[in-house]
Each structure stands twice: as structure tokens, then as C-alpha cells.
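Chemist: Encoded as C-alpha cells, here's the structure I'll be asking about.
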Amino acid sequence: MEEIKSERQKMIDGELYFAGDPELATARKFAREQMKLINKEEDSQIRRQLVEETFGTTGTGSYIEPSISFDYGFNIHVGKNFYANFNSIFLDICPITIGDNCMFGPNVQLYAATHPLHPVKRNSGLEYGKPITMGDNVWLGGGVVITPGVTLGDNVVVAAGSVVTKSFPDNCVIGGNPAKILKEIELDEKKQSPLTVQRSKIDTLDKKIVALLEERMDAIEAIVTIKKTADKQILDASREQEVLGKIATYIKNDAYRDVIKETYQGIMDASKKFQQKQMD
């Protein structure tokens with residue numbers, strides 16, 4: 001035999017339910033009494049204890065500034081080190097689940113509640129909701145609105161004043177009305193493989209090498225001017241051998257000796273071609 005759901009269970013499951021149900025009316029009355037106690041309590045330890053008694057689950061280290069508003073409280077689940085600034089609103093018709101190390105700016109509003117679009121159903125007192133879920137390390141700026149059914153991945157940052165109407169994946173900054181991805185957040189420990197790290201190092205070194213080669217070419221261009229004035233030949237075999245000999249003395253790792261000498265021979269050959277073009 002199919003079990004008949006209570007209106008409370010229908011509400012939590014995201015089904016149409018009757019908001020005027022006596023059990024739910026009693027739960028809302030209790031929630032308002034808890035809100036008064038939480039928002040008036042000046043002692044942060046006692047306020048935290050009241051929040052823990054009211055919410056479905058709370059992680060250690062959570063801190064919520066006054067004032068906070070919610071429908072029931074038992075559908076709110078926050079992880080460790082949760083922080084909410086002033087004037088937070090949680091319409092927790094359906095579960096609102098928040099991961100570890102999340103931060104809310106002032107005036108953040110989470111709407112897990114919604115209503116039927118059809119006016120007859122809407123006017124009948126039937127309501128329903130959609131859950132809101134956030135991963136770890138989510139940061140909502142001031143005045144952010146999260147609409148029913150939204151899921152935010154880990155490390156998502158939401159710009160102040162945004163209205164979030166759809167779900168977003170891990171590691172992104174979103175903003176606007178409706179919110180869209182503004183940029184991705186690169187986490188080095190996740191994205192940079194050992195190969196990528198070494199290639200990045202080479203890119204940095206190449207930038208330095210190019211700058212040095214440009215300085216070297218400046219000196220060569222000055223030499224071309226001098227040779228033009230003195231009417232000297234471009235090719236100076238003795239000077240070339242002298243340079244290559246000095247380069248050999250700078251090399252500390254013998255395993256690289258041949259490739260470095262070949263590289264510098266290529267630089268010398270390119271320099272001669274450049275000088276010849278300048279002299280022509």
C-alpha cells in the first residue's frame with residue numbers, strides 16, 4: 001500500500017503542498033520564535049547555540065550575524081566555518097545545503113520557495129519549492145539572490161548584486177542579472193601537471209632570453225655602423241672562434257656542451273646574415 005505523505009514531506013520533496021497545513025503552521029510559528037531569540041541575542045556563543053538548535057545541521061566554527069530570517073530552519077544545512085553577514089534571508093521550503101568554508105555578504109537572499117504559474121493553482125494555497133545546493137568555499141557578495149533549484153559548485157564566487165537563476169560548475173566567478181560566468185578560477189594544484197610546470201618555466205626563461213638577444217642585436221647593429229664607417233669586412237673568423245671559445249668556458253654541465261655550442265653557432269650565423277643585409 002502506498003504511503004500517504006504529510007504536507008511537510010511533500011514540501012521537503014519539492015512537490016505541491018498545502019502551506020496552511022497545521023503541522024507546517026506550527027513549525028513556522030516556532031521558527032519565528034527562534035528568529036526573535038537568535039536576532040536579539042548579543043552573546044555570540046548563545047546565538048550560535050540557538051542556531052544549532054534551529055538549523056537542520058551546522059558545522060563547527062559557523063558564525064551568523066543578526067539579523068537572519070527563515071521559514072522553518074530545519075531545512076537549512078551549513079558546513080564548517082560558515083559565515084553570514086547581516087540580514088540574511090533563507091526561504092527554506094526545500095533543503096538549502098551549504099558546504100564548508102562558505103561566506104555570505106550582507107543582504108544575501110536564498111529562495112528555495114516558489115509558486116505555480118497557473119493563477120488558479122497559485123491562488124488555491126498550493127506551493128512548492130526546489131532545493132538550493134552550494135559546494136565548499138563559495139563566496140556570495142552583498143545583495144546576491146539565489147533562485148529555486150540552483151546548484152553552485154566548489155569555489156564559486158558570485159559578484160555583489162547578482163541574481164543567480166541557473167546552476168554553475170566549480171571554480172568560476174559569476175555575476176550579473178541573470179548571472180553568467182565572468183571568468184574561471186585556475187587552481188594551480190589541480191590544473192598544472194608536472195609537464196605544464198616545466199613548460200611554464202621554459203616560457204619564462206624564453207622571455208628573458210629574447211630580451212637578452214635583443215640587447216645582443218643592438219650591440220651587433222652598433223658594430224655594423226662601425227664597420228660601415230671603417231669599411232671593414234663582415235666576416236671575422238678569428239672573432240667568431242673567440243666568441244665560441246668563451247661560450248665553451250661558461251658551460252658548467254658537460255651534458256649540455258654540444259647543444260649549447262650548436263645553438264650559439266646558429267646565433268653567430270644569423271648575426272652574420274643580419275650584418276650582411278645591413279651592409280648591402
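Chemist: Which order do you get for Leu205, Leu187, Leu24 if you rank them by accessible area with a 1.4 Å probe, largest at the top?
Modeler: Greatest to least solvent exposure: Leu205, Leu187, Leu24.
Chemist: Taking the highest mean first, how do the peptides 5-13, 253-261 order by number of other beta carbon atoms within 10 angstrom per residue?
Modeler: 5-13, 253-261
Chemist: Per 5 Å bin from zero, what fraction in whole % of the C-alpha pairs of region 90-231 is there, up to the bin with the longest pair?
Modeler: 2, 9, 12, 14, 10, 7, 7, 7, 5, 5, 4, 4, 4, 3, 2, 2, 1, 1, 0, 0, 0
Chemist: Please compute the contact order of region 186-280 in relative form: average sequence separation of alpha-carbon pairs under 8 Å and at least six residues apart, divided by the residue count, as a percent.
Modeler: Relative CO of region 186-280 lands at 34 percent.
Chemist: Using only the Cα atoms of region 145-194, construct the convex hull and provide its projected area averaged over every direction, in square nanometres to one decimal.
Modeler: 3.4
Chemist: Per 5 Å bin from zero, what fraction in whole % of the C-alpha pairs of the chain is there, up to the bin with the longest pair?
Modeler: 1, 5, 9, 11, 11, 9, 7, 5, 3, 3, 4, 4, 5, 5, 5, 4, 4, 3, 2, 1, 0, 0
Chemist: Here's something else I'd like to know. Among the aspartates and glutamates, select those whose C-alpha is under 15 Å from the C-alpha of Lys207, and discard any that sit fewer than 8 residues away in the same chain.
Modeler: Partners within reach: Glu215.
Chemist: Follow-up. Would you mind checking the tilt of helix 22-40 against the longest principal axis of the Cα atoms of the chain, expressed as 0 to 90 degrees and rounded to 10?
Modeler: 60
Chemist: Here is a further query. Placing one identical point scatterer on every Cα of region 1-84 and ignoring solvent, what is log10 I(q)/I(0) from the Debye formula at q = 0.15 Å⁻¹?
Modeler: -0.60
Chemist: Let me ask you something else. List the relative contact order of region 27-95 as a percent without decimals, with contacts defined as Cα pairs under 8 Å and 6+ residues apart.
Modeler: So the answer I get is 31 percent.
Chemist: Would you compute, for the Cα atoms of region 210-280, the largest minus smallest coordinate along each principal axis and list the three values in descending order, in whole Å?
Modeler: 42, 27, 15
Chemist: What is the helix-to-structure angle for 257-279, meaning the angle in degrees between its Cα long axis and the longest Cα principal axis of the chain, kept from 0 to 90 and rounded to the nearest 10?
Modeler: 70
Chemist: Now for a separate question. So in region 114-259, what percent of DSSP beta bridges are antiparallel if you round to the nearest 5?
Modeler: 40
Chemist: If the elastic network links every pair of Cα atoms under 10 Å, which of Asp100, Asp136, Asp43 fluctuates the most in the Gaussian network model of the chain?
Modeler: Looking only at Asp100, Asp136, Asp43, the largest GNM fluctuation is found for Asp43.
Chemist: Turning to a different aspect of this structure: Students often get this wrong, so check it: of Lys10/Lys40; Lys208/Lys252; Lys80/Lys201; Lys252/Lys273; Lys36/Lys80, which have C-alpha atoms separated by over 26 Å?
Modeler: Lys10/Lys40; Lys80/Lys201; Lys252/Lys273
Chemist: Moving on. If one computes the Cα centroid of region 105-122 and of region 165-237, what distance in Å separates the two points?
Modeler: A separation of 50 Å, based on Cα centres.
Chemist: Tell me, what are the semi-axes, in whole angstrom and largest first, of the equivalent ellipsoid of region 76-155 as set by the roots of 5 times the Cα gyration tensor eigenvalues?
Modeler: 26, 13, 10
Chemist: What do you get for the angle between helix 44-54 and the principal long axis of the chain? Use alpha-carbon atoms, 0 to 90 degrees, nearest ten.
Modeler: The two axes meet at around 70 degrees.
Chemist: Relative contact order of region 118-179, please, whole-number percent, based on alpha carbon pairs below 8 angstrom and at least 6 residues apart.
Modeler: Over region 118-179, the number comes to 27 percent.
The values are calculated or read from the model by the stated rules, or taken from the named source; none is laboratory data. Just so it is clear, the model here is predicted, and its values are computed rather than measured. Methodologically, a virtual Cβ is constructed for each residue, glycine included, from the backbone with ideal geometry; neighbour enumeration extends over all protein chains shown. Just the protein is used for accessible areas: all its heavy atoms, side chains included, with ligands, DNA and RNA removed. Shrake-Rupley method; radii C 1.70, N 1.55, O 1.52, S 1.80 Å.
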